[in-house]
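The numbers here are math on the coordinates, done by the rules we state, and not lab data. These figures come from a predicted structure and were not determined experimentally. Here Cβ is always computed from backbone atoms with ideal geometry, including for glycine, and neighbour counts include all displayed protein chains.
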């Protein structure tokens, strides 16, 4: 089996290694990873690999190296677990590898959870695998969209729900950085769809992405990063920071000062500029950790509550995003590394969805 690994302390250093196929024991399943999406979200997993335990899902065998998690589809090639048969297809959280061994638990019609010892203490949202034959939202022709958007859209949905419950922290404007990123414009779409009267949605992006972001139709106004000082600063404003660029965050905090009602940190699109930053004017940036909000809503809404609400929003988003995406496939070791390096460097056009084909 093949495994794509990256240096934890130098994310631009990669290698493809060969491992023996793992043997499976009673209660275990071997999955062949067919295809997966690779986006800036996966770079965020690597950036926060230690702090948020993303490296722990699929540990590398050598110290200092890590395996970046991805969202995709895999097929069962061998099973010694009752209720799971060879040939079945599952959507979920996989390593950048050709195969992965799991220990299914809580097996049901919809799928299973991996209860392997090293994953038991990790967030359940990442351990759940969905059987495509029982997923009402699954469409074979839309697998690429599901891989690219669905995990990011879940974060967008949870953010929208979190902000609504907090009554937008009393803000009249929402500023979203890295406005061309999929999680950001997913949130902008939902804020637009569920808009509270009087809330303005502003996007910040690089000059090269202005036309793309304007074309989405999700933002009331779109501005280049260089124009932060031109934004109106007199209204209570909410910052949702998807970029993770400390200089950018400081510029926004200094511009709005005490008018900044809340500062929410989500991703690290500008991963190489994410460290440090020191004290900032206004509220302290607070990390939004989606799995924690999932756990809260699972308790609040009961079984199936999240899935039902997300499904309705997801279908509306898919319809709206039909013309936004150009899908590109990478197959082979060299193509995979090029796709990884381009995404790491922030060189992937915002309208491109990168799919890695393992077969």
| query | Could you put 225, 340 in order, starting from the residue whose Cβ has the fewest other Cβ atoms within 10 Å? | reply | 225, 340
| message | I need 306, 327 ordered by Cβ neighbour count within 10 Å, fewest first. | response | 327, 306
| message | Can you tell me, using C-alpha contacts under 8 Å and at least 6 residues apart, the relative contact order of segment 149-291 as a whole percent? | response | 23
| At 222 nm, what helix-only mean residue ellipticity would the chain give, in deg cm²/dmol to the nearest 500, using -39500 (n - 2.57) for each DSSP H run of four or more? | -9000 deg cm²/dmol
| query | Top mean-square fluctuation among 25, 111, 92, Gaussian network model of the chain, C-alpha springs under 10 Å? | reply | 25
| field | Relative exposure of 21, 112, judged by other C-beta atoms within 10 Å (fewest first) | value | 21, 112
| field | Between 0 and 90°, nearest 10: helix 143-165 axis offset from the chain longest Cα axis | value | 50
| note | Tilt, helix 182-193 to longest principal axis of the chain (alpha-carbon atoms), in degrees rounded to tens, equals 60
| How far is helix 290-301 tilted off the main Cα axis of the chain, in degrees rounded to 10, range 0 to 90? | 90
| message | Please give the Cα centre distance for segment 288-359 versus segment 157-234, rounded to the nearest Å. | response | 19
